[in-house]
């Protein structure tokens with residue numbers, strides 16, 4: 001318990017520090033998980049808010065239904081159906097960003113101490129969201145023929161959490177065979193599978209494997225085992241604070257009750273603006289712009305890593321998303337690297353904060369979406385010097 | 001426990017039903033707690049969003065700091081100082097509406113089963129917000145010379161919750177002497193006093209007693225015992241989803257950690273728009289417009305109640321806010337009145353949902369802000385007929 005309390009403190013401090021670093025212009029930040037502001041369709045966003053207000057201010061400026069405005073639930077369901085996902089409007093609840101979706105899932109599914117299975121490292125915000133329920137974490141075990149969610153004899157977790165596309169923090173994509181195995185195991189063990197997909201639209205190379213949601217669906221009305229989460233934060237702008245959960249209709253009813261308690265409703269104004277931006281094709285254009293820009297930035301980061309990293313450092317090669325995951329020699333501690341890098345004017349995130357159970361201390365997360373190619377190169381060069389110095393000190 | 005579970009179900013169903021009633025145009029709803037859309041300054045809101053986006057889209061459309069944007073924290077602190085409240089920017093955290101403020105307070109202060117003292121009936125949304133912590137509720141005991149927060153021998157609650165201005169659901173204002181006594185008792189017992197003030201700006205007659213916050217403050221930096229909550233939902237528009245908590249700086253640090261877990265940040269766009277609307281005086285103009293309109297509507301409701309209510313029905317005479325609280329003969333059950341009124345085309349809220357401990361079943365809450373004078377009159381007339389019929393059936 002003490003270890004976990006420490007860990008939570010570290011993790012939350014890191015979240016806070018990295019949000020604060022983002023406010024300091026002199027630091028080149030490869031921390032955070034922020035989209036490039038260059039992709040924000042600001043004229044279209046301004047027009048969408050203006051239209052949403054003027055068309056019906058009595059509706060867009062008022063409180064709205066806790067489940068979200070009807071037309072946005074319809075549009076999100078239609079969007080998912082186009083991707084082959086068998087959902088209707090009553091399978092959708094609108095959330096105040098994906099982060100709130102994670103909280104809602106936790107409040108609805110977890111009793112105190114219940115289990116959650118996941119792959120480490122994982123999204124820090126999810127661990128923050130579930131913290132009030134003090135869950136017990138288990139690692140999904142991929143060592144056998146089929147994955148298992150808990151050691152033999154241990155309690156079955158309430159749900160398993162997966163980020164199949166460009167996982168935060170590693171940038172990795174889960175291959176189709178693993179997805180199918182995970183869905184099969186979830187059905188076998190009656191475990192809900194939570195598919196968090198904030199980055200799926202940010203693929204700039206390679207083929208998109210089928211979603212867990214589509215792999216898990218039967219022929220009838222959608223009844224699990226997969227619960228799916230999406231957001232416009234990465235495809236339009238984070239400040240819309242509009243996300244959604246797709247779940248079996250009965251579970252949506254429970255989520256609505258929890259949602260009322262959390263913030264009554266997501267801003268109808270922001271929802272109408274998001275609806276307009278999705279329907280008018282601006283979201284799709286923005287995703288394409290992001291793909292192009294992020295590919296260049298990823299390439300710049302991979303080039304710089306190849307050039308400036310000392311020996312015995314390795315990293316992932318993501319096909320999309322926002323992050324590269326760097327593994328350092330085991331003699332280095334990422335917290336010390338974090339401090340030294342900050343002094344050298346580079347923001348990174350120490351990898352240890354992304355672990356719910358067993359922190360690996362020689363890993364760091366780099367973001368490539370929110371920094372120009374030039375600055376990425378400069379930052380990685382500085383980081384290389386920091387690592388070289390730490391490596392020599394440790395040797 | 002079963003009673004409370006039932007109660008929560010009822011309360012949440014009622015919240016849901018009344019949000020849904022608000023979407024049915026054929027019903028005259030005196031339920032809900034919605035401002036009049038006539039007061040929404042829609043041109044100014046549209047201009048504020050436009051300006052916030054165009055002035056700096058890289059900032060307003062991006063993720064922001066969890067504690068809220070600096071200039072809004074400053075402006076809120078300045079606004080509170082003008083009311084004599086001794087707070088600085090680092091005493092302020094911006095929340096996604098007041099509802100989220102209640103959740104944050106609960107997550108930060110409550111361990112499972114901890115106590116909360118309050119006056120019944122109370123705000124339903126607060127009970128929803130604290131539900132995940134399963135608190136133990138006690139009634140503030142006003143029967144002695146000074147108020148007490150728990151029966152002798154019982155555990156001292158973590159905080160006491162008060163809505164001193166036009167309390168939801170009764171519309172009553174706490175007199176100055178009671179406020180002073182409550183602050184003194186909080187200091188004596190080391191109990192935090194949570195002052196929820198969503199309606200304070202909606203006073204249309206009478207003198208405003210000093211806030212708990214100002215009564216509790218000493219000469220040095222603000223250090224409690226009062227934690228204060230405000231919002232622009234009633235003075236600009238609910239869809240901004242911008243509220244705030246003023247608290248001792250150390251507590252604000254804990255609230256920020258909890259806030260990150262809940263939704264990362266309140267929309268910077270919505271915050272910059274709210275900032276503009278406060279600084280340009282639009283918020284104050286809107287409050288004044290609301291005072292004028294709501295006074296007429298309250299008067300219309302009081303007139304209609306005098307004319308159409310059967311004998312042995314009584315009601316409060318609020319000097320502001322949004323609600324009138326009606327007490328029925330003890331033979332009537334507000335849940336049956338709710339059903340019959342809905343059939344007769346009138347939405348009300350059965351009073352029993354506003355109790356955390358001992359529901360009083362012969363009470364109902366009427367909202368006067370979101371309905372025209374004509375419709376208020378028609379609705380109260382219909383309600384009078386419903387009560388007459390129920391009264392005869394019960395006799």
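Just a few scattered comments:
- Within the option set B:197, B:145, B:165, being assigned by TED's automatic domain parsing to the domain that holds residue B:121 and surrounded by 24 or more Cβ atoms within 10 Å (Cβ to Cβ) holds for one residue only, B:165.
- Some residue of the stretch B:326-335 being farther than 23 Å from residue B:119 by Cβ, in a helix (DSSP H, G or I) and either assigned by TED's automatic domain parsing to the domain that holds residue B:198 or without any contact (Cβ under 8 Å) to a residue 40 or more places away in the chain (or both): no
- Residue B:302 in contact with a helix residue (DSSP H, G or I) (Cβ under 9 Å, 6 or more places away or on another chain) and either within 14 Å of chain A (Cβ to nearest Cβ) or more than 25 Å from residue A:265 (Cβ to Cβ) (or both): no
- Residue in the stretch A:133-153 that is touching a residue at least 40 places away in the same chain (Cβ under 8 Å), closer than 29 Å to residue A:260 by Cβ and within 14 Å of chain B (Cβ to nearest Cβ) present: no
- Filter result for residue A:94 (in contact with a helix residue (DSSP H, G or I) (Cβ under 7 Å, 6 or more places away or on another chain) and either within 27 Å of residue A:149 (Cα to Cα) or not in a helix (DSSP H, G or I) (or both)): yes
- Scanning the stretch B:64-84 for residues that are over 22 Å from residue B:258 (Cβ atoms) and in a loop (DSSP other than H, G, I, E, B), we see that the one that is nearest to the other protein chains (Cβ to nearest Cβ) is B:83.
- Candidates B:156, B:173, B:122 - the one that is touching a residue at least 12 places away in the same chain (Cβ under 8 Å), within 16 Å of residue B:357 (Cβ to Cβ) and either more than 14 Å from chain A (Cβ to nearest Cβ) or assigned to a strand (DSSP E or B) (or both): B:122
- The set of residues from the stretch B:234-264 being at the interface with another protein chain (Cβ under 9 Å from one of its Cβ atoms), under 22 Å from the mean Cα position of the chain (by Cα), surrounded by 24 or more Cβ atoms within 10 Å (Cβ to Cβ) and touching a residue at least 24 places away in the same chain (Cβ under 8 Å) comprises B:236, B:237, B:238, B:240, B:241, B:262, B:263.
- Check on residue B:302, more than 19 Å from the chain's Cα centre (by Cα), more than 23 Å from residue A:56 (Cα to Cα) and either without any contact (Cβ under 8 Å) to a residue 12 or more places away in the chain or not assigned by TED's automatic domain parsing to the domain that holds residue B:91 (or both): yes
- The criterion of at least 2 residues that are over 30 Å from residue A:45 (Cα atoms) and touching a strand residue (DSSP E or B) at 6+ places or on another chain (Cβ under 9 Å) is met by the following helices (runs of 4 or more DSSP H) wholly inside the stretch B:205-305: B:212-216, B:249-263.
- Flag if residue B:121 is farther than 18 Å from residue B:254 by Cα and surrounded by fewer than 18 Cβ atoms within 10 Å (Cβ to Cβ): no
- Residue B:222 touching a residue at least 24 places away in the same chain (Cβ under 8 Å), crowded, with 21+ Cβ neighbours inside 10 Å and more than 13 Å from chain A (Cβ to nearest Cβ): yes
- Verdict on residue A:61 being within 9 Å of chain B (Cβ to nearest Cβ), within 21 Å of residue A:259 (Cβ to Cβ) and in contact with a helix residue (DSSP H, G or I) (Cβ under 6 Å, 6 or more places away or on another chain): yes
- Every listed requirement among (1) crowded, with 21+ Cβ neighbours inside 10 Å; (2) in a loop (DSSP other than H, G, I, E, B); (3) at pLDDT below 90 is met by residue A:87 save one, (3).
- No other residue among A:109, A:80 is at pLDDT below 95 and surrounded by 17 or more Cβ atoms within 10 Å (Cβ to Cβ) apart from A:80.
- Residue list for the stretch B:97-112, restricted to those being assigned to a helix (DSSP H, G or I), in contact with a strand residue (DSSP E or B) (Cβ under 8 Å, 6 or more places away or on another chain) and more than 15 Å from residue B:123 (Cβ to Cβ): B:104, B:109
- Given (1) modelled with pLDDT under 95; (2) more than 7 Å from chain B (Cβ to nearest Cβ); (3) in a loop (DSSP other than H, G, I, E, B), number of the condition residue A:23 does not satisfy: (2)
- Yes/no for residue B:361 being more than 30 Å from residue B:200 (Cβ to Cβ) and in a loop (DSSP other than H, G, I, E, B): yes
The values are calculated or read from the model by the stated rules, or taken from the named source; none is laboratory data. Just so we're clear, the structure is a prediction, and the values are computed from it rather than from any experiment. Here the Cβ is made from the backbone with ideal geometry for all residues, glycine too, and neighbour counts use every protein chain on show.
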